[in-house]
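Below is one structure; the comments refer to it alone.
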Amino acid sequence: MTEEKHILTMLVDNEPGVLSRIVGLFSGRGFNIESLCVAETIDPQVSRITIVTKANEPLVEQIEKQLRKLINVIKLRDLTGSGSVQREMALVCVRAKPENRDEILRIVDIFRCKVVDVGSEYYIIEATGTEDKMKALINLLKPMGIKKIARTGTIALFREPH
């Protein structure tokens, strides 16, 4: 069976140790986590955890069953596919030599990014979009010289019916 990327999102009790138990479930069974994002929801008692993992269908079903057994998991959804809105954010520190500055600013404009910090030899760019958009942006900035990068990984919400 082929492995594919799955985006699992869950609402959990916002308590110490919950994230550790969820990550422990993955590592204890040899499941890989490609990205992990956690933040409080509008309700301070509840956090949303978004995990991206690569697995075949039976393995994802097993992961979901085991996650649902955890007492602090309130709700779990697989948001893989078109029924969700998915985004990633990145901060990219790129070398900004005088001969490359105009080209970098054109790339920033094309990708609807923002320059959020400027130094004599660098720009820090804030970008938001799909994983494919992030990869394309990074590939275009690589020749300029990426000094460092920080990415959130995918976050996703179920698309509400009209």
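Of note:
- Residue that is modelled with the lowest pLDDT [pool: residues in the range 68-92 that are of a type in the set (S, T, N, Q) and surrounded by 15 or more Cβ atoms within 10 Å (Cβ to Cβ)]: 80
- Residue in the range 55-67 that is touching a Gly at 6+ places or on another chain (Cβ under 8 Å) and touching a residue at least 24 places away in the same chain (Cβ under 8 Å) present: no
- Matching residues, the range 118-145, being in contact (Cβ under 8 Å) with a residue 12 or more places away in the chain, of a type outside the set (A, V, I, L, M) and open to solvent by less than 100 Å² (accessible area, probe 1.4 Å): 119, 122, 123, 126, 128, 129, 130, 131, 133, 145
- Counting the residues of the range 44-67 that are open to solvent by 50 Å² or more (accessible area, probe 1.4 Å) and in a strand (DSSP E or B) gives 2.
- Residues that are in contact (Cβ under 8 Å) with a residue 12 or more places away in the chain and under 16 Å from residue 157 (Cβ atoms) were ranked within the range 23-42; the one that is most open to solvent (accessible area, probe 1.4 Å) is 40.
- Restricting attention to the range 1-22, the residues being open to solvent by 50 Å² or more (accessible area, probe 1.4 Å) and outside any loop (DSSP other than H, G, I, E, B) number 5.
The values are calculated or read from the model by the stated rules, or taken from the named source; none is laboratory data. What you see is a predicted model; the values in this text were computed from it and never measured. Ideal geometry is used to build each Cβ from the backbone, glycine not excepted, and the neighbour counts take in all protein chains shown. Calculation scope for accessible area: heavy atoms of the full protein, side chains included, ligands and nucleic acids excluded. Shrake-Rupley method; radii C 1.70, N 1.55, O 1.52, S 1.80 Å.
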